[in-house]
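Here's the structure, in C-alpha cells; my notes come after.
Taken together, the values in this text are just the output of simple stated rules run on the coordinates, not laboratory data. Because the structure is predicted, anything quoted here is derived from the model rather than measured. No Cβ is skipped: glycine too gets one built from the backbone with ideal geometry, and neighbour counts run over all protein chains shown.
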There are 2 protein chains.
Amino acid sequence: MRIGIGQINTHVGAIDTNTTKILQRIEDAKAAGCDLVVFPELAICGSSPLDLFWRDGFVEACQAALDRITAASAGIGVIVGGLAAERKQAGSNRDNPSSLSDGALINLYNRAFLVEDEAILGHVDKQHLASYDVNCEGRHFTSGEGTSVHEFRGMTVGINICEDLWIDDGPTDLQASLGAEWIINVSASPFYIGKYDIRNRLAARRTKENNVGLIYVNLVGGQDDVVFDGGSFVFDPKGRHVFQAPHFREGLYVVDLNHPKPVRQEHSSDIADVREALVLGIRDYVRKNGFEQVILGLSGGIDSAVVAALAVEALGAANVLCVYLPSEFSSADSHEDADAVSKNLGTVFQIIEISATHRALRNALPDSPTGLVDENLQPRIRGTLLMALANQHHALVLCPGNKSEIAMGYNTLYGDTVGALAPIADLYKGQVYQLAEWFEELIPERIRTKPPSAELRPGQRDEDDLPPYEVLDPILKQVIEANASKRQLLEQGFDEAIIDDVQQRIRISEHKRGQLPPGIKISPKAFGSGRRIPLTNGYHD
Amino acid sequence: MRIGIGQINTHVGAIDTNTTKILQRIEDAKAAGCDLVVFPELAICGSSPLDLFWRDGFVEACQAALDRITAASAGIGVIVGGLAAERKQAGSNRDNPSSLSDGALINLYNRAFLVEDEAILGHVDKQHLASYDVNCEGRHFTSGEGTSVHEFRGMTVGINICEDLWIDDGPTDLQASLGAEWIINVSASPFYIGKYDIRNRLAARRTKENNVGLIYVNLVGGQDDVVFDGGSFVFDPKGRHVFQAPHFREGLYVVDLNHPKPVRQEHSSDIADVREALVLGIRDYVRKNGFEQVILGLSGGIDSAVVAALAVEALGAANVLCVYLPSEFSSADSHEDADAVSKNLGTVFQIIEISATHRALRNALPDSPTGLVDENLQPRIRGTLLMALANQHHALVLCPGNKSEIAMGYNTLYGDTVGALAPIADLYKGQVYQLAEWFEELIPERIRTKPPSAELRPGQRDEDDLPPYEVLDPILKQVIEANASKRQLLEQGFDEAIIDDVQQRIRISEHKRGQLPPGIKISPKAFGSGRRIPLTNGYHD
C-alpha cells in the first residue's frame, strides 16, 4: 500500500486556489503509484476561516470544491478535510439575532471525506473540538458522533481529525477496537517549541497501546498568528517511527507501508525550529496578503537586527528596507551597528533624523513634555515615518517587539508597536539572544553583547527600568504559560518585590496588547488570540 | 413571597468588592422583608473573567466569597451566580501544554447557588453554553447535566442560567414539567438595540407555554466592549409582564409575587437606549480602570462632537478635555464648531496647531509625501499629541471612529484610531446623526447638517471617497450583521459596483480593526471580540 502525504500550504478562504493545489497533488500521487493520497484537516478552505464559515455561500463553495476533487479520483483514493452543514432541528437560540448571525440554525461539521473512483466512500466528523488557546472550534462546529472504520483496498482504516487523536480513550482507541489496522489522522496543528517531541511521544503511545499504525498528515504554512509546521509522519503498529516528512515545507511525500524503514531521529534544536517557523510565518503573512516588501526600523539593538535577518531569509534582501531613525539620544555605536546589520544582510539602508519633528512636537504641546511623555514622542515619530514609507513603497511594517517587553508594557503604543506583523512577539528576550546566535555572521557581536537600551533618554538602559532579563523571563513564563499566582511564584523562590512589580505591569499593560499587530506563536501560550484576559480586570492575587 | 432582585454592577475579577456589594444588598433585602434575594450570573467574579478563570487561586477565591455569602444568609434565601471546579476523570488532552495551561484537567462550571440560613440548599449548572458572538463559554466551562427544581418556603422553583432560558425544549420546559411554579433565571446578558423587546417576547412565550412564572435577573454595567443593561423583570404564569426594573441602573428591586401589577409598557426609543448604554459603557470603562478623566480631539465634525457629549454625560464636564488640532486644511467653520461644542458642554478647550510638526515630518521623509501618504501624517500627529496630553493628565483618550468608517477602513491606523475606548464604534454614521439629535442643544445645528469631511486635503468630503452613507450603511449592515454575499446583496437591489467596492474595502481593512481600541457593542454584531475574521483571507464571493 503506497500512501501519498499531501502536506500542502493552503490559503484561508482561497477555496479555488487550494482545490487546484489538491488536484495537482492528486495527479502527482497517481504518477507516483499511490493507492491513497491524504490531505490535512480543512484542506479545502484552509485553517481557520473562523467566522467566514458563516458567510452566505461559503459552505456551498467548499461543497463544489469537493465535487471537483471527487471527479478527479479515478483510480486513486483521496482523503481530504472539508466542511458539511445541515439545518438544526431544535434546541437553538433562534430568538437572539447575535446567535442567528453566527449560524444558530446550522450544524456545521469539520469533516474528512474518503473518495475513490469519482465517488464518496465515506466521511468522518471531528468529535473533540478544540476550544483552548487559539482554537475556538466550539464557536463554529458541532461535534461529530459515532465511530466508524472504512475498508480501503483490503485495509481497514480509521480516519480521525486532529484533536481526536489526542484524547485518551477516544476515537483512536475505539477505531482500533473496531478493527482498524491503520489510523489516518488529518490535522491542522500549529507549531510551538517542543511540539515535534510531544507528537512523537503521543504517536508512539497510541500505536503501541492499540497495536495500530498511524499516518499523521499535518498542514503547513503561516496563518496570521500561527504557523502550521507540517512534519507529517508514520508510526507502525509496534510504535516505531517509520516515516518523517520535512517540517515547514510543502510537498507530496510517498510512503510504502509494506516496506517501513525506521526513521533516524535527527537532533533538532528548539531555536533552529523557531527560526524556520518565523521565516515561514513572515513569508506567508506578507505574500498571502498580497505584499512583497517589508520595512523596519533598525535601532542598532538586537530585536530589530534579528527581525531584519529573519525578514531577509523570508523575503530576500531586495524586499527588506531597513531604516535608521536616530534622535539626539542615539549613540554612534547604534548607528554603526544598524549600518553593519543592513550591510551584512544586503538591504537598502535609509537614515531619517527625527530630532526636528521631535522639537516641533515639543513646541506644539502646551506644557513642555518631560520624562515618559517626552520619551514616548520619539517612537511615535518613528512609527509615523515608517508607516509613511510603507504607504510609499506598498510595503508592510514589521514590529520588533519581543515577549518580555510586550508582557511588561515596556513599549510605546502607536510607536515601536506599529506594524502589520510582530515576528518575535512570542520570544522572551533571552530567546532573542539565542536566535541571534544563529545569525552570528550577520549580526555583529557588539549587538549581541551590549546592554539593551531604548535610547529615549541619555544613558538609558533596560535594566534601569526592568528586572534583569535572566530574572524576568522565567517569572513571565510562569505567569503567562502556567497561570502562576503570587503564592506559587514565592514557592518557586522568586523575590516578592519583583513578583509584585511584574504582576502589576502585566495587568496594567493588557490594553496595549489589545492593540498590537499579530505575533507568531512559538510557545504553548502566546499573547494574542490564544490568551484572553479582560482589559478591565480587578483581580489581584 | 417577596423577592429582592439584586441587579448589581460588578467589577470583573474584583471578587472581594463584588462580594461586599452582594452582602450589603442581602442586608437591604432582609430590611425590606424579602424571602429571597437573587443576584446575576457570575455575580461573585463579574462577567466575564475569561482566561482569569484559569489563574491559580481564582476558583478558590470565588469559593471563599461564597462562604461569606452563605454565612450572611440567616433568615433569607439567596441565589447567586458563581463558579465550581472539579478534576476531570478522562478524555482530556493532557499531552498538549497549550491545553494544559487552559485548564484541560479541570471541569469548570458556571453555577448558581441557592443558600439559606447559612447552608447551601442546592445548585444548578449552566447547561447551554453560549459560544457565539462575544461569548466563548465553551472555552472555559463544561456543560451542566441533569435538571432539578428546588422547594423554597413552599414554592417550587426552577433555577437556570442565562442561555438556558433561550433554548426551545430546554431546561425551562423540563423544570416546568417537574413542577416548577417559578423559573428564576440569572443572566449576564449584554445590551444591543431591540434586546428589551426580544427578551419580553421570549419571556411571554416561555411563561405561557409552560404556565410558569419567570423572574429574570440581569447584570448591569460596562465591561470592555459590552454593556450589561440590567432591566431585570418578572412575568407571571399567564405571560403577563408584572415587574420591570430600570435599565442601566443598579439597585435592589423588591417584587411581591402575591400582588402582581401589570407593567405599563413605556415607549423606549432605540437611540435613547443607545445613549444610556454608551454613557454607562464609557463611565464604567474609565472608572473601573482607575481613571477619572478623558481627552478627545474635537474636529468640528459630528463624530467627535457626539463622543464629547456622551463623555460629559458619563463623567462630568470637569473630566473631559477637548482638544482642537487644526492644520492648514481645517476650515474656520470647524474651529467655530469645535469651540461651540466645547463651550456648550462646559469642558476645557485646548488648541494645538499641527502644521509645524506636519512640515517637519514632510521634510524628514526622503521622498516628499503626496496623496494618502501626506494625508495620513496629519491624524498620526494628532494621535501622538493626544497621547502625550493623556500621559500628562493621567487621562484616557477616546477614539471617535464610527462603524461605517471603521468598516470601510476610512481612517488612519495610529491616527484617528488612537485611544483606550471607541464609544461609537458600533454606530453606523446614520445612527451617529440620530444620536446627535438627542444632544441638539449641545451640538450646533451646522455640525448636524454640514457634509462630513476629514479635512486632510483642500475641499475633501467623505462622499468623494465613499458611497453616500444612506446607501453605504444598509449594505454594511447586511454584510456585517447578516453575512450577506454579493448574490444576496444584488437580490436586495444594491448596485454591483458599490457592492464590489464595499466588500473589497471591508476585506482589506481587517488588519486595521485588529488594532483598534474596544468599541461598545450596541448591535447584534459589532466589530471586536464578537466578530472573528482572519486577517489573511483569500475568500471573495
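Spatially close Lys pairs in region A:2-263, defined by Cα atoms under 19 Å apart and a spacing of eight or more places or different chains, total 5. Per residue, the Cα convex hull of region B:427-541 amounts to 141 Å³. Mean partner shielding of peptide B:358-368, defined as the number of other chain Cβ atoms within 10 Å of each residue Cβ, is 6. Size of region B:274-462: Rg and Dmax of its alpha carbons, in Å, are 15.6, 49.
Within chain A, the proportion of C-alpha pairs whose separation exceeds 47 Å stands at 18%.
Based on the Cβ-Cβ distance from B:ASP256 to A:ILE498, what FRET efficiency comes out when R0 is 60 Å, to the nearest 0.05? Here the calculated transfer efficiency is 0.60.
Close amide H contacts of B:HIS247 (hydrogens built in the peptide plane, cut-off under 5 Å, sequence separation of 5 or more or a different chain): B:GLY231. Relative contact order of region A:414-541, taken over Cα pairs closer than 8 Å and 6 or more residues apart, is 36 percent.
For region B:152-261, the fraction of C-alpha pairs more than 19 angstrom apart is 41%. Note on region B:274-462: Lys pairs 8 or more places apart or on different chains, Cα atoms under 27 Å apart, count 6.
Once the C-beta distance of A:LYS343 and A:GLU27 is scaled by a Förster radius of 35 Å, the resulting FRET efficiency is 0.15 to the nearest 0.05. Our summary gives chain B a relative contact order of 11 percent, counting only alpha carbon pairs under 8 angstrom and 6 or more residues apart.
Projecting label points 7 angstrom from Cα along Cα→Cβ for B:ARG2 and B:ALA90 puts them 5.3 nm apart.
Under 5 Å between amide hydrogens, built in the peptide plane, is the criterion, and for A:THR10 it picks out A:VAL220 among residues at least 5 positions away or on other chains.
Fully extending the segment from B:ILE120 to B:GLU292 would add 57.9 nm, taking 0.36 nm per residue of separation and subtracting the current Cα-Cα distance. For A:GLY213, the residues whose amide H sits under 5 Å from its own are A:TRP182, A:ILE183, ignoring neighbours fewer than 5 places away on the same chain, with H placed 1.01 Å from N.
Rounded to the nearest 500, the helix-only mean residue ellipticity at 222 nm of the protein assembly as shown stands at -11500 deg cm²/dmol, with each DSSP H run of n ≥ 4 adding -39,500 (n - 2.57). Please work out, to two decimal places, the log10 of the ratio I(q)/I(0) at q = 0.19, 0.22, 0.26, 0.29 Å⁻¹ from a Debye calculation in which every Cα of region A:259-320 carries one identical scatterer. With one equal scatterer per Cα and no solvent, log10 I(q)/I(0) is -0.74, -0.90, -1.10, -1.22. Could you compute the FRET efficiency for A:GLU145 and A:ASP197, with r as their C-beta to C-beta distance and R0 at 35 Å, rounded to 0.05? The pair A:GLU145/A:ASP197 has a calculated efficiency of 0.60.
Extension gain A:ALA64-A:ARG205, at 0.36 nm per residue separation less the Cα-Cα distance, in nm?
Taking A:ALA64 through A:ARG205 to full extension adds about 46.9 nm, to one decimal.
Normalised by the number of residues in region A:2-263, the mean separation of alpha-carbon contacts (under 8 Å, six or more apart) gives a relative contact order of 20 percent. Within region B:2-265, the proportion of C-alpha pairs whose separation exceeds 23 Å stands at 48%. Here the simple spin-label model places points 7 Å from the Cα toward Cβ, and for B:GLU441 and A:VAL471 these points are separated by 5.9 nm.
In terms of the mean number of neighbouring beta-carbon atoms within 10 Å, the peptides A:72-84, B:190-202, B:375-387 order highest first as B:375-387, A:72-84, B:190-202. Considering all different alpha carbon pairs of region A:1-153, the Kirkwood hydrodynamic radius works out to 16.2 Å. Remark: region A:76-81, residue by residue, has Karplus-estimated 3J(HN,Hα) of 8, x, 9, 10, 9, x Hz, where x stands for each Gly or Pro and the curve is 6.51 cos²θ - 1.76 cosθ + 1.60 at θ = phi - 60°. Couplings 3J(HN,Hα) for region A:519-530, derived from phi with the Karplus relation 6.51 cos²θ - 1.76 cosθ + 1.60 (θ = phi - 60°), are x, 10, 5, 10, 10, x, 9, 9, 5, x, 5, x Hz, where x marks Gly and Pro.
The HN-Hα couplings worked out from phi for region B:110-115 by the Karplus form 6.51 cos²θ - 1.76 cosθ + 1.60 (θ = phi - 60°) are 8, 10, 10, 9, 10, 10 Hz, whole numbers, x standing for Gly and Pro.
Kirkwood analysis of the Cα pair distances in region A:365-498 returns a hydrodynamic radius of 16.9 Å. Take each residue of peptide A:458-468, count the partner chain Cβ atoms within 10 Å of its Cβ, and average: the result is 0. Taking max minus min of the alpha-carbon positions on each principal axis, the protein assembly as shown gives extents of 83, 73, 67 Å, largest first.
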